[in-house]
Structures are given as C-alpha cells and as structure tokens.
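J.: First, the structure itself, so that you have it in front of you.
Bear in mind these aren't lab numbers, they're just calculated from the coordinates by the rules spelled out. In this text the structure is predicted, and so the values were computed from the model without any measurement.
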Amino acid sequence: MAFLFGLFQGIMPLIGYFGGRTFAGLINIFDHWIAFVLLGLIGVKMFIEGLKPIDPHCETASNPFKWKTLFALAIATSIDAMATGIVFVPYPDKIWMAVSIIGAISFIFAFAGLYIGLKFGKKIKFNVSIIGGIILITIGIKILLEHLLSY
C-alpha cells in the first residue's frame, strides 16, 4: 500500500510536468473531475459496505488490501498531484528532486498510517469503512471545490 501511494504521488507530478510542457491547459480542465468521481465512487462503495452487518458465519472475509482497490485509491488520491507537475515546467532541473521527495514522503506517511491503523485498529469497536468512505468522499469534494472556486 505504502509503495503504491508513494509511487503514484511521485509519478503524477512527473506526468503533469511532461504533459504541462505540451498541453497544460487541458490537464487543469478535467483532473479535479476525475479525482472527484474516482474518490466519490470508492468512498460510496466503502460507506455502503460499512453499513452492511457483519455475518459471523461468513467464511470469506473482505480484503481492503486487494491490489485492484489499492491501485484505484493510489491513482484517485494522486490525480490532483498531476497539476503540481505543471508548476515545474519553468524549472526542469528541479522536477526529479521534487518527485523523489514527494514520493518518499508519501511512502513514509502511508506506511506510518498503515502501521498505526493496524496497531490500534483492533481496539476500535466500530466499522471504520464508514469513516473511510466519508473521508474519501470529503477529499474528492475538497479537490473539486478547490479547483472550481480558484477559477
């Protein structure tokens, strides 16, 4: 999980940088909508799954760490970072250092969050999928509003 989040947080500004050199205006037009839709869909799915009662007799447990889910979350939470890469178009000598720092810090924070969640998550007596879903939906709305209100 931490690897995917660090990787995509680092790659997206790089994509934004190279894309910004050719079509900067087009990226800014739709990146916030993609992030909003992806985070909203994943958040709603998590919220609905959190509302379902847990069947103690069910032999198959849901796995929130499926590659497909983690991959989608890594992309969705890093799409707005693509716009950050456009800032570096006038500073091509700084882009590699920037994406390295962004990726490393994202990896560290995702790893720390995962560790803290696993360590203390067992002590929490409620379904965190509901809160996780609300957080993802909120992040999506925040990204959308930041872009729409800045124009």
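J.: Given that just one value was derived from the coordinates, which of (1) 120; (2) 133; (3) 111 is volume of the Cα convex hull per residue in Å³?
T.: Structure-derived value, by its label: (3).
J.: Further, regarding this structure: Amide H of PHE88 versus every other amide H placed in the peptide plane: which residues, excluding those fewer than 5 positions away on the same chain, fall under 5 Å?
T.: Amide H neighbours of PHE88, under 5 Å, 5+ apart: none.
J.: Once both axes come from the Cα atoms, what is the angle between helix 67-78 and the longest principal axis of the chain, in degrees from 0 to 90, rounded to 10?
T.: 40
J.: Going through the cross-link list LYS45/LYS119; LYS94/LYS119; LYS66/LYS123; LYS122/LYS142; LYS45/LYS94, which pairs have a Cα-Cα distance over 28 Å in this structure?
T.: Values: LYS45/LYS119 25 Å; LYS94/LYS119 37 Å; LYS66/LYS123 23 Å; LYS122/LYS142 30 Å; LYS45/LYS94 39 Å.
The pairs that break the limit, which is 28 Å between Cα atoms, are LYS94/LYS119; LYS122/LYS142; LYS45/LYS94.
J.: For helix 95-121, report the angle its Cα long axis makes with the longest principal axis of the Cα atoms of the chain; keep it between 0 and 90° and round to the nearest 10°.
T.: 10
J.: Further question: List, largest first, the extents of the alpha carbons of region 98-145 along their principal axes, each in whole Å.
T.: Sorted from largest, the Cα extents of region 98-145 read 40, 30, 8 Å.
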